[in-house]
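The values are calculated or read from the model by the stated rules, or taken from the named source; none is laboratory data. Computed from a predicted structure; not experimentally measured. When we count neighbours, we look across all protein chains shown, and the Cβ atoms used for this are built from the backbone with ideal geometry, even at glycine. Please note that ligands, DNA and RNA were not included when accessible areas were found on the heavy atoms of the full protein model with its side chains. Shrake-Rupley method; radii C 1.70, N 1.55, O 1.52, S 1.80 Å.
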Amino acid sequence: QARVESLGIATYQQGEDERYLRELMIIRDLPIALAQGQLHLVFQPKVNIQSNHCHGAETLIRWQHPELGFIPPDEFIRLAENSGNISMISDWVLNTTIKQLAQWQLQGISLTVAINLSAHDLTNPQLPLDIEKLLISNHLPINALSIEVTEGAVMKDAQTVIAVLQQFRNIGLAIAIDDFGTGHSSLAYLKLLPVNEVKIDRSFIKDIHTDATDLMIVDSSIRLIKGLNLSVVAEGVESVEGINILRGLNCDIIQGYVYSKPLKADDFIVWFQQFNQS
Ligand code: C2E
Ligand code: CA
Ligand code: CA
Ligand code: CA
């Protein structure tokens, strides 16, 4: 018995050590990954289900590590936030997105791409002006870019963050609240935040065709959001049934596998042009 127990502890300890080593490796290798081009962006369409038109996409980061393989963004973004490296990533995402948008514009394609920003980015009062300059110097309209922020990011330092968000709004950039419903004081903050769009979290959407409680939550959320004159996005829709239910609930925009998984730039544009032609 004693032996089994100590083995159990040894195994647990080993698992912990492995996880810790993996995290150290990820934090150590992030700057290298950026320098060596191991990161790339993928794009997932946001489809207006009332007009059946796609106006743009959300861009999501991908990292193929030479030894660890694919590392989920949830994992390395969290580590980058905790190790103080997130602004390096956000800068890269911003610059890479702008380059891509400029290239698309040369091909006569105009659309809006949303980037995800972290709490730390939103404490930089310089960021809105930097982004505006970047758009202007690349001859892009302000609405080529929009930003997504979570409620959690806002609550870290609400006063500072709200001031920065207000700056973004003054410039004319659209702001979406991400993962709506998973934060702590969604309702109070909706009233305070200068946002244009609210994205209802996938956890409420995924079972909407079978779960009456989720349906009710989503129905009331949409009424509330639209009542505040904001645009509403349902995240993570995987079935046509889901589209039909959400259209009936007056949802504006859907993002989910039912339309497309996040795609590399070239594949996304093929999808985008085909979808908007049909
Ligand atoms: P998010 O911003 O909420 O992004 C939506 C996530 O849902 C993405 O996961 C997307 O691939 C996934 N998704 C979309 N539709 C469906 C669907 O129909 N079914 C399922 N099962 N999943 C769907 P991903 O790309 O793994 O990103 C996870 C999170 O990592 C993001 O959540 C975001 O918080 C963070 N992230 C990703 N890229 C960036 C980035 O460039 N910057 C920052 N700060 N965070 C990022
Ligand atoms: Ca997002
Ligand atoms: Ca989300
Ligand atoms: Ca999320």
Practice item. Test Val149 against the stated conditions and say whether it is over 20 Å from Leu192 (Cα atoms) and within 16 Å of ligand 3 (Cβ to nearest atom). Key: no
Exercise for review: Could you list, in sequence order, all residues of the range 214-235 that are away from ligand 4 (no atom under 16 Å from the Cβ), open to solvent by less than 30 Å² (accessible area, probe 1.4 Å) and of a type in the set (A, V, I, L, M)?
Suggested key: Val218, Ile222, Ile225, Leu230, Val232
Study note, to complete from the structure: So, first residue hydroxyl-bearing (Ser, Thr, Tyr) and in a strand (DSSP E or B) in the range 137-154, second residue open to solvent by 20 Å² or more (accessible area, probe 1.4 Å) and within 12 Å of ligand 3 (Cβ to nearest atom), Cβ within less than 6 Å, six or more apart or across chains; the pairs are Thr150/Asp179
**Study point:** Residues of the range 183-205 satisfying the condition of being within 15 Å of ligand 2 (Cβ to nearest atom) and touching a strand residue (DSSP E or B) at 6+ places or on another chain (Cβ under 8 Å)
**Key:** Gly183, Val195, Asn196, Glu197, Val198, Lys199, Ile200, Asp201, Arg202, Ile205
**Study point:** Qualifying position, being under 20 Å from Glu197 (Cα atoms), away from ligand 3 (no atom under 16 Å from the Cβ) and of a type in the set (A, V, I, L, M), among Leu230, Leu249, Leu263
**Key:** Leu249
Study note, to complete from the structure: Across (1) within 16 Å of ligand 3 (Cβ to nearest atom); (2) farther than 15 Å from Leu228 by Cβ; (3) open to solvent by 10 Å² or more (accessible area, probe 1.4 Å); (4) not in a helix (DSSP H, G or I), Asp207 clears everything bar (1)
Check your understanding: Among the residues of the range 69-108, which ones are without any contact (Cβ under 8 Å) to a residue 24 or more places away in the chain, farther than 26 Å from Lys133 by Cα and outside any helix (DSSP H, G or I)?
Key -> Gly69, Phe70, Pro72
Review point. So, in the range 143-165, of the ones that are open to solvent by 40 Å² or more (accessible area, probe 1.4 Å) and within 24 Å of His55 (Cβ to Cβ), which residue ends up modelled with the lowest pLDDT?
Key: Thr150
Revision key, fill the gap. Met88 vs (1) closer than 28 Å to Arg28 by Cα; (2) of a type in the set (A, V, I, L, M, F, W, C); (3) surrounded by 15 or more Cβ atoms within 10 Å (Cβ to Cβ): all pass except (3)
Study note, to complete from the structure: Filtering the range 258-274 down to residues that are touching a residue at least 40 places away in the same chain (Cβ under 8 Å) and open to solvent by less than 90 Å² (accessible area, probe 1.4 Å) yields Tyr259, Ser260, Pro262, Leu263, Ala265, Phe268, Ile269, Trp271, Phe272, Gln273
Practice item. Any residue in the range 185-206 that's touching a residue at least 24 places away in the same chain (Cβ under 8 Å): show its pairings with residues that are open to solvent by 50 Å² or more (accessible area, probe 1.4 Å) and polar (S, T, N, Q) at Cβ separation under 6 Å, as long as the two are six or more apart or on different chains. Key: Pro194/Gln166; Asp201/Thr182
Check your understanding: Among the candidates Gln277, Gln255, which residue alone is under 28 Å from Gln100 (Cβ atoms), out of contact with any helix residue (DSSP H, G or I) (no Cβ under 6 Å at 6 or more places or on another chain) and surrounded by 19 or more Cβ atoms within 10 Å (Cβ to Cβ)?
Key -> Gln255
Exercise for review: Kindly indicate whether any position in the range 193-204 is part of a helix (DSSP H, G or I), in contact with an Asp or Glu (Cβ under 8 Å, 6 or more places away or on another chain), within 11 Å of ligand 1 (Cβ to nearest atom) and at pLDDT 95 or above.
Suggested key: yes
Check your understanding: Which condition number does Leu224 fail, the rest of (1) more than 15 Å from ligand 1 (Cβ to nearest atom); (2) touching a residue at least 60 places away in the same chain (Cβ under 8 Å); (3) under 19 Å from Glu151 (Cβ atoms) being met?
Key -> (2)
